[in-house]
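Please read the structure below before turning to the comments.
The values are calculated or read from the model by the stated rules, or taken from the named source; none is laboratory data. Since the model is a prediction, treat every value here as computed from it, not as a measurement. Reconstructed Cβ throughout: ideal geometry from the backbone, glycine too, with neighbour counts over all protein chains shown. Accessible surface areas use protein heavy atoms only, side chains included; no ligands, DNA or RNA. Shrake-Rupley method; radii C 1.70, N 1.55, O 1.52, S 1.80 Å.
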Amino acid sequence: MRAEATSDMWWKNAVIYCVDVASFLDSNGDGVGDLDGLTRKIDYLAGLGVTCLWLLPIYPSPERDYGYDVSDYYGVRDEFGSAGDFVELVRTAGERGVRVIADLVVNHTSAEHPWFQAARRGDPRFRDYYVWSEEKPQDIHSGVIFPGKQEGIWSYDRTAKAWYMHRFYDFQPDLNINNSQVRDEIEKVIAYWIEVGLSGFRVDAVPFIIEEVAGEHPAVKDPHDYLRQLADYMSRRRGDAAFLAEANEPLDKIAAFFGERGNQMDMLFNFVANQAMYLSFVRHSAEPLVNALGAMPEIPSRSQWAYFVKNHDEESLDKLTDAEREEVFAAFAPRKGMRLYERGIRRRLPSMLDGDRRRMELAYSLLFSFPGTPVLFYGEEIGMAENLALPDRLAVRSPMQWTGEEGAGFSTADPKNWPRGAMADGPFGYRAVNVEDQRHDAHSFLNWMERLIRTRKEWPEFGFGEWRLLGTRNDAVLAHLCTWTGGAVLALHNFSAEAQRATVQLPEEATGGRWRRIFATQELGDRDPARDRPDHHLSLELPPYGYAWFGCREGVS
């Protein structure tokens, strides 16, 4: 790929920052974050190096599933502000070089959505917007998404005198994608938000959107055709818009969501690598992550993996074996209250690692050197932890910690009246972990993260290049290489609590310039073992949990 072509595919080397508006900044003192508050912090995000802002659902909603139960696709929740506030956010972000994407939740609606209310009353237009069965389905308890919280995937509606399907909670009835009118409605939703400035969408629950359901007129013979239709429609409305898809599927199915020519979803979250990374941390060995990365299917040149350390939900471990999951639970979620849905952990990474700065840096060095697009969840840049006093998934969505003063700089309202509480005390409370203090500390995690992001953006080889794993002669150390248009970057990471020596073969295809260290753990000091290596071998000792990046470009010394 030519360097000149990369601006057309901004998503391949973006720095994505996920925000829960309700928890970011309250501008009007009601205890709930809002769009105006977020707009005030755009300069902070731009200074950090963020290039794409991802908004969790902002639509009107009964808020029974954190906004994923949508009751109006064309509005903004009253607590967050108005449509005008949204436009001002997008305009301000665009001026600072930050794109905005938002959640697209079209597998289901809220049961309070006017469509469902009309459907259950028998309105002939809306009845077929949802999936109904006159008889009790046989598979009522199969495929439950939220074990322990959800009884089944079909519920009986007394008004409709029929059963309706819901892959998620019973207050989230599934839309019937087989209905052409539903597909038209989804396209209108996409068109509306693209028109007011979005650069794309994070698409929720993609596998369930295309799940084949009962109906005499199926939408398409191949369910993936529908994703191709969606991508084609969005590209006609805005050529540079992108889809980031949530599709937590096995490796033998996941690549299909990109499409053979990258003509479905532009980006997919890499859940397999994420879960393997946690297992590598627990075992102090690179082997699980090496195996996971080595098993990744080849993807189209325009497509991209999206990597993350912690997302906005529980840390799912569903792709690990039962024994592996128990290993991670024992290390990172030893108490039952730290777990969720029998498969996940409702904690953030810093608390899992007991605040060990070395391991925190290792995790985010991995994230930003992975061959894909890094995704941050708000607060990760300062090492925020969770608030386990909040229920279920809300534990990781506590208010952003801006200052060490009363209210954490999040809101002027009495913290007792906040819907989501912040922790004041303890090693991760806002008095100890906040943006203001870290801004004034040259050695803070925030300032380290800014340097990390800046370095990543200076070396787009990580996002655009061809990549491969390298042998290190040491199972504790992961080494991978990315090459692109005459340049190359090499990253090494030591998962062990002991110092480890690693030896790698430097690539012959990138020897026109001089190799140099571009980012590394502080313990390495000023030593740069990559300089002037005529034998093209690099051997270095990495300190415990140490990391180092090296770069080389033709004609650059």
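Which residue, of Glu342, Glu314, Glu298, is open to solvent by 20 Å² or more (accessible area, probe 1.4 Å), of a type in the set (Asp, Glu) and on the phi < 0 side of the Ramachandran plot? Show your work before the answer.
Working: Glu342 fails: on the phi < 0 side of the Ramachandran plot; Glu314 fails: open to solvent by 20 Å² or more (accessible area, probe 1.4 Å).
Testing whether each residue is open to solvent by 20 Å² or more (accessible area, probe 1.4 Å), of a type in the set (Asp, Glu) and on the phi < 0 side of the Ramachandran plot leaves just Glu298.
From the list Ala22, Ala46, which residue is farther than 16 Å from Arg99 by Cα, in a helix (DSSP H, G or I) and either open to solvent by 10 Å² or more (accessible area, probe 1.4 Å) or touching a residue at least 24 places away in the same chain (Cβ under 8 Å) (or both)? First the steps, then the outcome.
Working: Ala46 fails: farther than 16 Å from Arg99 by Cα.
Within the list Ala22, Ala46, the selection yields Ala22.
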| Which condition number does Arg348 fail, the rest of (1) among the charged types (D, E, K, R); (2) touching a Lys or Arg at 6+ places or on another chain (Cβ under 6 Å); (3) open to solvent by 10 Å² or more (accessible area, probe 1.4 Å) being met? | (3)
| note | Those residues of segment 353-412 that are within 18 Å of the chain's Cα centre (by Cα), open to solvent by less than 10 Å² (accessible area, probe 1.4 Å) and aliphatic (A, V, I, L, M) come to a total of 11
| query | Assuming Glu249 fulfils every condition listed in (1) open to solvent by 10 Å² or more (accessible area, probe 1.4 Å); (2) more than 22 Å from the chain's Cα centre (by Cα) apart from one, which condition is it? | reply | (2)
| message | I'm trying to understand the selection: among the residues of segment 55-111, which are charged (D, E, K, R) and either open to solvent by less than 50 Å² (accessible area, probe 1.4 Å) or free of Cβ contacts under 8 Å to residues at least 40 places away in the same chain (or both)? | response | Glu63, Asp65, Asp69, Arg77, Asp78, Glu95, Asp103
| request: Could you check Glu327 against (1) within 29 Å of Phe519 (Cβ to Cβ); (2) touching a residue at least 12 places away in the same chain (Cβ under 8 Å); (3) of a type in the set (D, E, K, R) and say which number it fails? | output: (1)
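Being farther than 17 Å from Val106 by Cα and of a type outside the set (S, T, N, Q) narrows it down to one residue among His166, His224, His141; which is it? Outline the logic, then answer.
Working: His166 fails: farther than 17 Å from Val106 by Cα; His224 fails: farther than 17 Å from Val106 by Cα.
Going through His166, His224, His141 in turn, just one is farther than 17 Å from Val106 by Cα and of a type outside the set (S, T, N, Q): His141.
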| request: Test each condition in (1) buried (at least 21 other Cβ atoms within 10 Å of the Cβ); (2) within 25 Å of Gly383 (Cα to Cα); (3) aliphatic (A, V, I, L, M) for Val282 and report the one that comes out false. | output: (1)
| Subset of segment 112-127 (residues that are more than 28 Å from Trp54 (Cα to Cα) and either touching a residue at least 60 places away in the same chain (Cβ under 8 Å) or assigned to a loop (DSSP other than H, G, I, E, B) (or both)) | Arg121, Gly122, Asp123, Pro124, Arg125, Phe126
